[in-house]
1. For B:Tyr32, A:Tyr49, give me the order by solvent-accessible area with a 1.4 Å probe, most accessible first, ignoring ligands, DNA and RNA.
2. What Kirkwood hydrodynamic radius, in Å, does the stretch B:24-115 give when the mean of 1/r is taken over all pairs of distinct Cα atoms and then inverted?
3. Could you give the length gained on full extension between A:His10 and A:Asn58, defined as 0.36 nm per residue of separation minus the Cα-Cα distance, in nm?
4. Can you tell me the FRET efficiency between A:His77 and B:Asn41 if r is taken as the Cβ-Cβ distance and R0 is 22 Å, rounded to the nearest 0.05?
5. Can you tell me which of B:67-77, B:18-28, A:102-112 comes out highest on packing, and rank the rest after it, using the mean Cβ neighbours within 10 Å?
6. If I model a spin label as a point 7 Å beyond the Cα along the Cα-Cβ vector, how far apart are those points for B:Leu56 and B:Leu82 in nm?
7. Need the list of aspartates and glutamates near A:Lys40 for cross-linking: C-alpha distance under 17 angstrom, and skip anything on the same chain fewer than eight residues off.
8. Just counting partner chain Cβ atoms within 10 Å, what average do the residues of peptide A:40-48 show around their Cβ?
Amino acid sequence: ETGVTQTPRHLVMGMTNKKSLKCEQHLGHNAMYWYKQSAKKPLELMFVYSLEERVENNSVPSRFSPECPNSSHLFLHLHTLQPEDSALYLCASSQGPGGAGAAEQYFGPGTRLTVT
Amino acid sequence: AQSVAQPEDQVNVAEGNPLTVKCTYSVSGNPYLFWYVQYPNRGLQFLLKYITGDNLVKGSYGFEAEFNKSQTSFHLKKPSALVSDSALYFCAVRPPETGGFKTIFGAGTRLFVKA
């Protein structure tokens, strides 16, 4: 449970605010992910970093901006969000590249974001 | 389009009875297959995966899953359910040609185990 940590656990922000979500993994992995989880919908992959380089960017609006300063840390910077962005944001890590396809992901507990 | 279907939003089972949570997928090639579980206020936890080999895969907490290539299914099973198994279960598929990072998740199935 403590392998991947996320802060804050809960965040309420107005549409004009700027905030950041933080993720840290203590598993020695070199791939990190951001997902958005909305009720009764599949998890949506937002961004993937491998060896601190972005390798996947799934048409995410520019109001979400990721940053990966090293293989243990991942940030999601938020600005001018919309109410429909309210969701649970999950961070995950896995071993990769090289055999990355077979590697399972380890998830943090998530940040529950509410945009008012 | 590539997709994963979990046809049941909810599965109800009595404690001690066997359980099955269904998953089918539409992905080309030979994807890697995963099951994850999510308890309230927690992130997803890995249960088991199929990469290659024996079609019956055993995982954590007594769960197992059966891969059926002809039916493109990967159903999760447990011989005897516990109340503590009540949670949200996600099937996930990773197409091999995406470089190993893109995972397609189903919408989830909520399992209720009644004492």
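The values are calculated or read from the model by the stated rules, or taken from the named source; none is laboratory data. Computed from a predicted model, the values in this text were never measured in an experiment. Don't worry about glycine lacking a Cβ; one is built from the backbone with ideal geometry, like all the others, and counts go over all protein chains shown. Each accessible area value is taken on the protein alone, full model and side chains, heavy atoms only, with ligands, DNA and RNA left out. Shrake-Rupley method; radii C 1.70, N 1.55, O 1.52, S 1.80 Å.
1. B:Tyr32, A:Tyr49
2. 13.8
3. Roughly 14.8 nm would be gained on extension.
4. 0.35
5. So the peptides B:67-77, B:18-28, A:102-112, ranked by packing, come out A:102-112, B:18-28, B:67-77.
6. In this crude spin-label approximation the distance works out to 2.1 nm.
7. A:Glu84, A:Asp85, B:Glu8, B:Asp9
8. Average neighbour count from other chains, rounded to a whole number: 5.
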